1. What is the ratio of the Cα radius of gyration of the stretch 335-449 to 2.2 N^0.38 Å, where N is its residue count, to two decimals?
2. How would Ser52, Ser307, Ser169 line up from fewest to most surrounding beta-carbon atoms within 10 angstrom?
3. Among His137, His232, His94, what is the fewest-to-most ranking by other Cβ atoms within 10 Å?
4. Debye calculation, C-alpha points only, no solvent: report log10 I(q)/I(0) for the stretch 36-152 at q = 0.17 Å⁻¹, in the same order as the q values.
5. Can you sort Val420, Val138 so the residue with the fewest Cβ neighbours within 10 Å comes first?
6. Set the Förster distance to 35 Å, then compute FRET efficiency between Arg405 and Thr3 from the Cβ-Cβ distance, nearest 0.05.
7. Rounded, prolate or oblate, given the Cα gyration tensor of the stretch 207-286, with a/c below 1.5 counting as rounded?
8. With the cut-off at 1.5 for a/c, could you classify the stretch 135-261 from its C-alpha gyration tensor as rounded, prolate or oblate?
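Read the figures in this text as sums done on the coordinates, not as results from a lab. Every value quoted in this text rests on a predicted model; they were computed, and no experiment measured them. FYI the Cβ positions are ideal-geometry reconstructions off the backbone, even for glycines, and counts take in every protein chain you see.
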Amino acid sequence: MTTSDAFIAANRFGLGSRPGELAEIASDPRGWITGQISIVNAVPPELRNFPSSAEIIKGINEARIKGPEYLRSMMGQGYRETLFPEIVARTQAHIRTAEPFRERMVLFWANHFTVSVTKRIIGPTIGAYEREAIRPHVFGRFEDMLLATAHHPTMLSYLDNNISFGPNSRVGRRRGRGLNENLAREILELHTLGVNGGYTQADVTEFAKILTGWTHGGTRSKQSLRRLGPIHGRFEYREIFHEPGPKTLLGKRFSENGEQEGVDALKELARHPATAKFIAEKLARHFIADDPPTAAVKALEDAFRQSGGHLGTVSRTLIGLDAVWSEPLAKVKTPYELVVSTLRAVAFDDIGQRAFLGAFREMGQRPFSAPSPAGWPDRAKDWMSPESLMRRVEWLRAISARLPRSLNPDRIAEQTIGPVISARTKEMIAAAPSGEEALALLFASPEFQRR
């Protein structure tokens, strides 16, 4: 192991080092990461008291039935009392965690299976979606995570599958309402095969038909309550929405089988060779370099395919790749990573809700707000424009001014970027006119901005 390996472990696999963490990691960086791989669904204590998605969806849709004013009030309450506080609690969990690799994988997979407040109605449920559909599976089977996200009411609403009707279904024939292909397209393009995965528009349409009937119990109207039963916020399969008859996806015929058609199709997609390659490329890009080496991608692809998509096995393969450890500053931190790693560096975890949300907004990455179903980008060019760099520096100056004057910049530098610090950065920190300025220069340094 080289002296930079602890830095890579803490930053590339973790979320930045807390005081004393580099020394703890140094004797066995790979073992420190591997020790965090567990199939136990560990929800941080900061997130354990938030409501479930079912509770939130039920409340929203009960308000919707009462009328527009009730819905506006309920949505405002959902953002104020659930979404915004959960963003803060989640950030604090990341600042405090002793298992940052697990938390990074939660972030990675939540971004892969993005849902976003760009669809306002789902905003209050997004934190619950991450807790319920992503967290339990980050080191389990990809297939299980795929099934959990596709069944989740938040995803079904985000991509409009709750209002997708088979043209020849009972509802489709009676009301003339038709197919919505959003969920089918994004599962193929973004969640499994990838845009170059070999599917066609005909496959999108057939898959959309397979998924008709996948909705949730929060889509009731006043008129349908007696027929469908009480409002609830859980998954619900409705036969009257489902397109009857056989369908063909990627050359495989799926016989009429209700909800199970979709389950079987998703399992086929999870095990498809193109999915293994697509996931391998995304993992390699996130953990190695914007343009990762082909051999590393191939190793991850093989691990995914041979293990049946077991993400704990894939994670161990990733940790063992030489390419991961060859360049300590290969990746640029996103704004979210910068905020978390800065506050981890000084063990400062409560700047207030307004300050947290303002920082993310100003730097262009408020959690749960990705601009599209593709999620947040993962290349330096998307985060390091002159304007975004200026916003980073402004925030770092502002937060450095709020930190205790007792902090020792030299010690913090040693405990964060010590293994990779350049002579130039050392000189700048030493020459700073105040501790506040020294901290701002440390956090704005190329070494701290990268992982």
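1. Rg over 2.2 N^0.38 Å, computed on Cα atoms: 1.09.
2. Ser52, Ser307, Ser169
3. Ordered from fewest to most neighbouring Cβ atoms within 10 Å, His137, His232, His94 come out as His232, His137, His94.
4. Ignoring solvent entirely, the Cα scatterers give -0.84.
5. Fewest-to-most ranking of Val420, Val138: Val420, Val138.
6. Efficiency, from the Cβ-Cβ distance: 0.70.
7. oblate
8. It is oblate, given that a/c is not under 1.5 and a/b is not larger than b/c.
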